[in-house]
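Note sheet for the following structure.
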Amino acid sequence: MTLQGRQGRRAALALVALVAWCACHVDHVEAVDVSLFPPCQASSIPPVAGNVSQNNLVLDAGCRYNLYEKNDAASCLKGNWIVIAGSSNTLLEFNNLINFLAPKEFDIDRTGELIGISALVDAIVEDGEVTHWEQIPNVEPACRQLNMSDTRKLEPQCKDKMVQLLSKAPRRHGAIRVTFVTAFFWARSDLAMDVIDEVIDADGDGHWKNAKLGFITQIGAWYYYCSKLKFSYCPRKELIEQDMYGKGMQTFKEEMEVSLERMQSWCHSGRVQLGCYLQTISWSDGKGERETYADMNVYIQKAMTSQASFKFQLIDFYQMGGNMPEEVHGGHGSILLNLWMWTVMFNSICPAGLASEKVNAVFDGVMCSGTQLRWANCPKYHHFCTHGGPACEKWECMNSVQCTLRASNPPEMGDTKGMCDAALDISGFAAAEKTTCHRLWCHEHVQWLLPAAVTVLALLLKLFLSESGKQDVSREVQQA
């Protein structure tokens with residue numbers, strides 16, 4: 001046998017041995033039948049830790065969330081008002097809720113859909129269509145979020161402008177109202193609560209005063225942008241001068257404590273019947289950003305340990321992103337992630353009786369998941385951002401194409417005897433801070449089949465190579 005032949009066969013045998021070892025030792029996580037789990041019980045801190053299998057959220061808590069399709073969610077929110085305060089990730093939540101309730105919105109361009117454009121957006125949805133859309137541009141001088149002393153001086157003017165705009169909303173029975181307030185810092189979330197109070201108190205005919213109100217907020221990323229990254233476009237210059245892990249983190253904590261005290265009182269006042277939902281800062285695919293957000297979230301979680309209640313819930317957005325890291329690009333979630341975030345909150349906002357009887361989540365669209373992210377899948381957005389628009393962002397691309405959630409029955413296994421009918425979905429392949437993997441099999445007791453098959457193939461290949469080697473030796477002897 002030649003030296004080259006021997007080395008080749010040794011390499012082949014080593015590769016086969018490695019494949020066989022991996023098949024025997026890797027824990028293949030199965031495609032889980034979520035119908036086997038009971039619905040999650042109401043909680044002040046709803047469980048979200050787990051992973052994603054076949055687009056379904058599989059919780060470590062051993063329960064599942066009810067699914068609300070478009071019409072279910074519309075019935076739940078009919079006549080009610082959802083207010084969202086935050087920056088880019090909460091703007092995505094706002095846009096995804098609007099698009100979920102009114103799917104035609106994916107094809108309609110409106111001012112305020114992109115981050116940094118509006119200080120406030122107010123929308124009304126009726127019968128699956130947006131019938132009212134008003135916004136205050138982010139360049140409005142009175143609503144700039146500057147150094148704290150300057151912001152406090154401008155707040156009365158900004159409040160008046162927001163109240164005036166929100167007072168324009170039509171009063172139609174059964175309309176769904178969704179309002180977004182751009183809040184880079186905690187103080188703007190506080191202003192949002194003050195504005196809503198004044199609008200409701202001044203509501204003459206009581207239409208919006210009688211609407212059930214829900215409040216959602218996520219604050220924190222801009223403290224990182226300003227104090228850690230020192231971005232020149234940070235509007236609050238005093239934070240740029242602060243060290244993130246010194247005065248910067250202390251500023252975040254102190255301002256958070258003031259805001260949570262205000263929120264605690266407001267959310268239990270009886271005004272916010274659908275509840276308040278404080279979210280942790282979103283998970284990021286950037287290591288430095290992710291680690292700093294985790295440190296900032298410790299303060300949020302510690303504060304909410306004693307304050308969280310059914311009326312004032314903590315929603316762990318960071319953990320949700322960590323469950324499905326492939327759904328996050330540039331620190332922002334896909335439509336799939338955002339609709340799961342809404343599903344978690346719908347289970348607190350909406351009566352269980354309005355949920356679908358089906359429990360298997362199906363996402364319909366060409367780019368529901370971050371795994372489908374391609375510029376070719378968002379041609380309209382890509383043309384816009386490459387022809388005079390703002391810089392192209394992958395996370396904006398993957399949120400610009402129509403996708404919706406529907407409920408179905410769990411997929412049938414058919415005659416495959418343990419193999420999934422559906423194509424393998426890699427969603428949730430590696431959760432944050434831990435290793436996660438996926439089974440190729442749907443049934444619990446046939447995991448042995450893959451390593452057994454690979455081992456048999458390895459033995460057959462070894463036998464073949466052995467016989468081939470003997471023939472080579474025989475030929476070498478004859479040639480000698």
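The values are calculated or read from the model by the stated rules, or taken from the named source; none is laboratory data. Everything quoted here is computed from the prediction, not taken from an experiment. As a convention, Cβ positions derive from the backbone with ideal geometry for all residues, glycine included, and neighbour counts pool all protein chains shown. Just so you know, the surface numbers come from the protein's heavy atoms only, side chains and all, with ligands and any DNA or RNA stripped out. Shrake-Rupley method; radii C 1.70, N 1.55, O 1.52, S 1.80 Å.
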Could you compute Rg(Cα) / (2.2 N^0.38 Å) for the stretch 255-390, with N its residue count?
1.26
When the charge dipole of the stretch 330-408 is computed with +1 on Lys and Arg Cβ and -1 on Asp and Glu Cβ about the Cα centre, the Cα farthest towards its positive end, among T371, P390, L337, belongs to T371
Simple Cβ-charge dipole of the stretch 37-187, Lys/Arg +1 and Asp/Glu -1, about Cα centre, in debye nearest 20:
440 debye
What ranking of S265, S118 comes out by heavy-atom accessible area, probe 1.4 Å, highest first?
S265, S118
State, to one decimal in nm², a quarter of the convex hull surface area for the C-alpha atoms of the stretch 207-313, i.e. the direction-averaged projected area.
7.9 nm²
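If we count every other residue with Cβ under 14 angstrom of A142's Cβ, Lys/Arg +1 and Asp/Glu -1, where does the sum land?
Details: positive: R144, R152, K153, K159, K161, R188; negative: E140, D150, E155, D160.
Overall, the nearby charge balance is +2.
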Per-residue SASA entry for C276, accessible area with 1.4 Å probe, Å² rounded to 10:
0 Å²
Once Lys and Arg get +1 and Asp and Glu get -1 on their Cβ, which of I196, A169, S149 lies farthest toward the positive end of the dipole of the stretch 141-199?
A169
Local electrostatic count at E257 - Lys and Arg +1, Asp and Glu -1, tallied over other residues with Cβ under 15 Å:
-1
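Looking at this model, which pairs from K237/K380; K230/K287; K70/K212 are more than 27 angstrom apart at the alpha-carbon?
On the way: K237/K380 36 Å; K230/K287 17 Å; K70/K212 19 Å.
Result: K237/K380 exceed 27 Å.
What is the packing order of peptides 73-80, 52-59, taking the mean over residues of other C-beta atoms within 10 Å and listing the highest first?
On the way: 73-80: 19.4, 52-59: 22.8.
Top of the packing list down: 52-59, 73-80.
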Can you put R64, R374 in order of accessible area, largest first, using a 1.4 Å probe?
R374, R64
In whole Hz, what ³J(HN,Hα) sequence does the stretch 203-209 give by Karplus (6.51, -1.76, 1.60; θ = phi - 60°), x for Gly and Pro?
6, x, 8, x, 4, 7, 5
Hey, can you grab everything whose amide H is under 5 Å from the amide H of L146? Only 5+ residues off in sequence or another chain; H modelled, so Pro and N-termini drop out.
T151
Sorted by accessible area (1.4 Å probe), largest first, how do Y65, Y299 line up?
Y299, Y65
